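Take a look at the structure below.
The values are calculated or read from the model by the stated rules, or taken from the named source; none is laboratory data. Computed from a predicted model, the values in this text were never measured in an experiment. Ideal geometry is used to build each Cβ from the backbone, glycine not excepted, and the neighbour counts take in all protein chains shown.
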Amino acid sequence: MTGAALADPPLVGAITVGGERLLQQRCDRESFAEYRAAGGYRNAVRGAGVLRELSVAGLRGRGGAAFPTAIKWQAVAERPGPRHVVVNAEEGEPASAKDRWLLRHRPHIVVEGALAAASAIGADTIWIYVADRPAAESAREAAAELRADTSLGPIPRINVVEVPHTYVAGEETSVVRAIDGGPALPTTKPPRPFERGAAGSPTLVQNAETLAHVALIVRSGAKQFRGAGSNTAPGTLLLTISGDCIRPGLVEVATGTRLREVLALAGGVRGGGAPAGFAFGGYFGGIAGPRTVDLPIEHDALRTEGIGLGCGAVIVLGTHRCVVAVAATIGKFFAAQSAHQCGVCVRGTAAIQGALERLRGGRADPANVEQLQRFAGLVRGRGACALPDGAANVVESLIREFPGTVADHVGRVCLRCRLPVDDVIPNLAARPVTSGARPEETRSREESQ
């Protein structure tokens, strides 16, 4: 089983300083010639200069953790070689679509960022890791276009790896394990990939959107990047807006933009009125109440409110939705997507799923709610990956943000809970993780000279 063709998201627009940077209002693929004509592959910043420029820019990762990019790259560069760069575009979060859009439509901006990374850390191999067939084909075409243009000089070998689309396949140790020919499942840490990654060598695993920002930084400079956003959270970021909004799709916003502005760009809540809440970070970041609409979309600001922005996926929940039903559906997803390698994850996510289903069905008592909180505390930080943390986030945010709603479900049947929510919470429970799933690897057989 290899990457499938996932839905191509529509583009909603942009709220930035100076217009769009990564997004373009196009439905076709940007060719090598078009990208070069627009200034691509012409940067003069290489090697250690890339690290310095990233440090000044203040770019943080856009894959979920928001870790400072320059520090992450420096940790790999300091290790003895050989070294590798991985473009992580697996995008296991079902509510996110930004990385596959970039590779499908603007592959060269991602590849140029990967080349800058290879130059910065001294890597001789680039891996593009995807779970979407059109994105993989576009990446292969981009690699072939690069090889055909000798004016760029020597470039690293570029390999494309396709894996099944599962939640845990994008975790960094899963990425390395799949590249090495194993199943796309996480391993215990340490070591982390920057210490020992692909083929046992130090490996930089970097999100596709982050690398697209890198391409613009090395081309236009840190000052231009910092022209949007704030001093503490500069630049723009891509958001996937879905759920009960009129115009779901991708938006590019200056970091710190209020969610209310993004919701307006997406046409507002479908059916009118105020939102009942939002699922942040897709499924991982928890469920936030309507107060969130006035918060800035920025990792640290949201984190202080107990909310995780994650990969920038935001699901709008209309007032006809019951947040308990949403939480139960997400809990079912996490239980199904467990890698079945760690007992605490297998048993813990199943226990959380069961408790949420009892609450949804009106069969829970106060002791069950306390038990649900206890389950969340027991699974957090356990296991080989962060999947249990996602399940814990859903439980803890539900109880914190919607205490009255939770109380109303104790021993009572909620009619809204009987309504399906799969139209806003895509459920991949029918596609469980299997330990035998192996990647399909397509390597460029000719190393660029």
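Which pairs turn up if I take residues in the stretch 388-407 that are in the same structural domain as A328 (by TED's automatic domain parsing) and look for partners that are among the basic types (K, R) with beta carbon separation below 7 Å, at least 6 apart in sequence or on another chain?
P388/R380; P388/R382; D389/R380; A392/R380
Confirm whether S96 is of a type in the set (S, T, N, Q), touching a residue at least 60 places away in the same chain (Cβ under 8 Å) and more than 30 Å from Q341 (Cα to Cα).
No; evaluated as a whole, the condition is false for this residue.
For the stretch 61-78, does any single residue satisfy the condition of being without any contact (Cβ under 8 Å) to a residue 24 or more places away in the chain and aromatic (F, W, Y)?
Scanning the stretch 61-78, I find at least one residue that is without any contact (Cβ under 8 Å) to a residue 24 or more places away in the chain and aromatic (F, W, Y), so the answer is yes.
Among the residues in the stretch 233-246, are any of a type in the set (D, E, K, R) and in the same structural domain as K72 (by TED's automatic domain parsing)?
no
Would you be able to tell me the number of residues in the stretch 276-301 that are in contact with a Ser or Thr (Cβ under 8 Å, 6 or more places away or on another chain), surrounded by fewer than 24 Cβ atoms within 10 Å (Cβ to Cβ) and farther than 18 Å from P403 by Cα?
Qualifying residue count, the stretch 276-301: 3.
From the residues in the stretch 182-202 that are in a loop (DSSP other than H, G, I, E, B) and hydrophobic (A, V, I, L, M, F, W, C), which one is nearest to G381 (Cα to Cα)?
The qualifying residue nearest to G381 (Cα to Cα) is L185.
Within the stretch 261-293, which residues are over 16 Å from the mean Cα position of the chain (by Cα), under 23 Å from I399 (Cβ atoms) and either modelled with pLDDT of 95 or more or of a type outside the set (D, E, K, R) (or both)?
We begin by selecting, within the stretch 261-293, every residue over 16 Å from the mean Cα position of the chain (by Cα); these are 261-278, 287-293.
Now restrict to residues that are under 23 Å from I399 (Cβ atoms): 274-278, 287-293.
Answer for the stretch 261-293, where residues must be over 16 Å from the mean Cα position of the chain (by Cα), under 23 Å from I399 (Cβ atoms) and either modelled with pLDDT of 95 or more or of a type outside the set (D, E, K, R) (or both): A274, P275, A276, G277, F278, I287, A288, G289, P290, T292, V293.
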